[in-house]
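What follows is one structure encoded as structure tokens, with my remarks underneath.
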Amino acid sequence: MNIHLMLLVLAGVLAPAIGNAQDSCANRGDLDPQYCDADRDLVADTPTDTSKLKSPNALVFTYTPVEDPAVYERMFKPFTDHLAQCTGKRVVFFQVQSNAAEIEAMRAGRLHVAGFSTGPTGFAVNLAGAVPFAARGTAEAFAGYNLLVIVKKSSPYETLGDLKGHRFAHTSPSSNSGHMAPLALFPKQGLLPGKDYKIVFSGKHDQSILGVKSGDYDGAAVASDVFDRMADSGEIKREDFRILYRSPRFPTSSFAYAHDLEPALRDRLVRCFLDFRFTPEMVKGFEGSDRFVPITYKKDWAIVRDVAEGAGERFSRGGFEREAAKARN
């Protein structure tokens with residue numbers, strides 16, 4: 001199912017859940033009605049009704065589909081083996097094809113722990129009850145990335161302004177570097193997305209990069225970590241591209257558990273993540289990251305929320321539905 005259709009499906013799933021709303025909730029913020037944030041940490045609280053807590057026989061895990069999901073299933077195999085042994089639960093890697101599908105799966109209770117891309121993390125928190133607790137990184141800090149604007153080296157484009165009126169790819173409506181950051185940051189560089197060029201959604205960062213390489217797009221906004229990983233693997237050559245713009249650094253993908261996991265299982269799962277050390281193959285695949293490091297959505301995703309607001313959006317149901325409408329058009 002393609003990204004546009006999944007966005008529409010998810011928008012339909014996100015109909016007002018008035019009947020499920022926690023009417024006694026003192027604070028909800030941007031969270032959907034069935035979630036509550038009484039402690040004001042910006043993420044869904046653990047349900048107080050113990051009948052709503054989950055301790056599944058198998059933990060379903062996935063990672064953001066910025067590239068072919070099969071690549072990540074292989075890369076995470078040493079970790080999912082560790083997680084199974086550490087938690088005493090069978091662990092299933094669930095391949096998803098879009099950010100919308102990943103968010104919908106957690107909201108529907110089919111996904112228990114997942115790595116979400118930077119921008120979709122906000123929608124996952126507010127619409128699916130995801131609770132970010134870790135990011136990949138090193139002993140010093142969590143990993144980050146930059147928004148890049150790339151063009152073919154053989155093209156005549158030298159500045160962002162040169163791309164006015166040309167075919168320019170964004171990735172997906174919920175992506176930080178692939179959509180929201182360009183909306184917030186490009187106008188300061190003299191380029192107005194949607195006005196100076198028509199936004200074309202490629203679906204994924206690797207598809208944008210390969211689209212520039214093939215000439216399908218004149219330029220594209222992509223995440224630097226995906227670009228570097230494709231170059232390091234030999235899938236593309238850095239010398240075939242020109243980088244016209246590099247943004248300030250953003251946090252990379254978050255790892256989040258479903259808010260309704262049984263607390264003892266949840267706490268054990270978090271410990272299993274933080275105690276794991278990446279294999280040499282994972283270190284190479286994740287650009288030097290060798291572990292999961294603790295993060296909080298309230299503190300570490302503040303810059304991402306600021307970018308979204310600068311782009312005129314919030315990570316709310318209304319914001320998601322507006323993005324779904326853009327994808328449909």
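The values are calculated or read from the model by the stated rules, or taken from the named source; none is laboratory data. Note that the coordinates shown come from a computational prediction; the quantities given were computed from them, not determined experimentally. Note that each Cβ is placed from the backbone with ideal geometry, even for glycine, and that neighbours are counted across all protein chains shown. Remember, those area values only see protein heavy atoms, side chains included, never the ligands or the DNA or RNA. Shrake-Rupley method; radii C 1.70, N 1.55, O 1.52, S 1.80 Å.
Please go through the stretch 140-160 and pick out each residue that is out of contact with any strand residue (DSSP E or B) (no Cβ under 6 Å at 6 or more places or on another chain), modelled with pLDDT of 95 or more and of a type outside the set (Asp, Glu). Working first, answer last.
We begin by selecting, within the stretch 140-160, every residue out of contact with any strand residue (DSSP E or B) (no Cβ under 6 Å at 6 or more places or on another chain); these are 140-141, 152, 154-156, 158-159.
Then drop every residue that is not modelled with pLDDT of 95 or more, which leaves 152, 154-156, 158-159.
Within the stretch 140-160, LYS152, SER154, SER155, PRO156, THR159 meet the criteria.
Check ASP68 against each of (1) over 22 Å from SER172 (Cα atoms); (2) in contact (Cβ under 8 Å) with a residue 60 or more places away in the chain; (3) open to solvent by 70 Å² or more (accessible area, probe 1.4 Å) and name the one condition it does not meet.
(1) is the only condition that ASP68 fails.
Scan THR296, THR252 and give me the residue that is open to solvent by 50 Å² or more (accessible area, probe 1.4 Å), closer than 17 Å to ALA130 by Cα and in contact (Cβ under 8 Å) with a residue 12 or more places away in the chain.
THR296
When PHE133 is evaluated against the numbered criteria (1) surrounded by fewer than 24 Cβ atoms within 10 Å (Cβ to Cβ); (2) in a helix (DSSP H, G or I); (3) touching a residue at least 12 places away in the same chain (Cβ under 8 Å), which criterion, by number, is the only one it fails?
(2)
From the set of residues in the stretch 112-125 that are in contact with a Ser or Thr (Cβ under 6 Å, 6 or more places away or on another chain) and in contact (Cβ under 8 Å) with a residue 60 or more places away in the chain, which is farthest from ASP225 (Cα to Cα)?
PHE123
In the stretch 76-98, is there at least one residue being aromatic (Phe, Trp, Tyr), open to solvent by less than 60 Å² (accessible area, probe 1.4 Å) and at pLDDT below 95?
no
Residues that are open to solvent by less than 50 Å² (accessible area, probe 1.4 Å) and of a type outside the set (A, V, I, L, M, F, W, C), at least 2 per element: which helices (runs of 4 or more DSSP H) completely within the stretch 167-249 meet that?
Qualifying helices (runs of 4 or more DSSP H): 205-214, 224-233.
Answer yes or no as to whether THR46 is at pLDDT 95 or above and outside any loop (DSSP other than H, G, I, E, B).
For THR46, the condition - at pLDDT 95 or above and outside any loop (DSSP other than H, G, I, E, B) - is not met.
Test LEU53 against the criterion of being over 30 Å from MET230 (Cα atoms) and either modelled with pLDDT of 95 or more or among the charged types (D, E, K, R) (or both), and give yes or no.
Criteria met by LEU53.
Considering only the stretch 210-224, I want to know if a residue exists there that is under 22 Å from the mean Cα position of the chain (by Cα), under 30 Å from ASP41 (Cβ atoms) and of a type outside the set (A, V, I, L, M, F, W, C).
Yes, that holds for at least one residue.
What are the residues in the stretch 50-65 that are surrounded by 15 or more Cβ atoms within 10 Å (Cβ to Cβ) and either part of a loop (DSSP other than H, G, I, E, B) or of a type in the set (Phe, Trp, Tyr) (or both), if any?
Step one: list which residues in the stretch 50-65 are surrounded by 15 or more Cβ atoms within 10 Å (Cβ to Cβ), which gives 53, 56, 59-65.
Hits for the stretch 50-65 are LEU53, PRO56, PHE61, TYR63, THR64, PRO65.
Contact list please: Cβ distance under 7 Å, first residue in the stretch 73-84 and more than 11 Å from PHE61 (Cα to Cα) and among the charged types (D, E, K, R), second residue assigned to a helix (DSSP H, G or I) and open to solvent by less than 50 Å² (accessible area, probe 1.4 Å), pairs at least six apart or on different chains.
If the second residue must be assigned to a helix (DSSP H, G or I) and open to solvent by less than 50 Å² (accessible area, probe 1.4 Å), no pairs are left.
Given (1) part of a helix (DSSP H, G or I); (2) surrounded by 15 or more Cβ atoms within 10 Å (Cβ to Cβ); (3) over 17 Å from the mean Cα position of the chain (by Cα), where does ARG305 come up short, assuming only one miss?
It fails just one condition, (3).
Of everything in the stretch 107-130 that's part of a loop (DSSP other than H, G, I, E, B) and modelled with pLDDT of 95 or more, which residue is most open to solvent (accessible area, probe 1.4 Å)?
Narrowing the stretch 107-130 to residues part of a loop (DSSP other than H, G, I, E, B): 108-112, 117, 129.
Okay, now just the ones that are also modelled with pLDDT of 95 or more, so 108-112, 129.
Working: ALA108: 54, GLY109: 24, ARG110: 118, LEU111: 1, HIS112: 17, GLY129: 0 Å².
Restricting to residues being part of a loop (DSSP other than H, G, I, E, B) and modelled with pLDDT of 95 or more, the top hit is ARG110.
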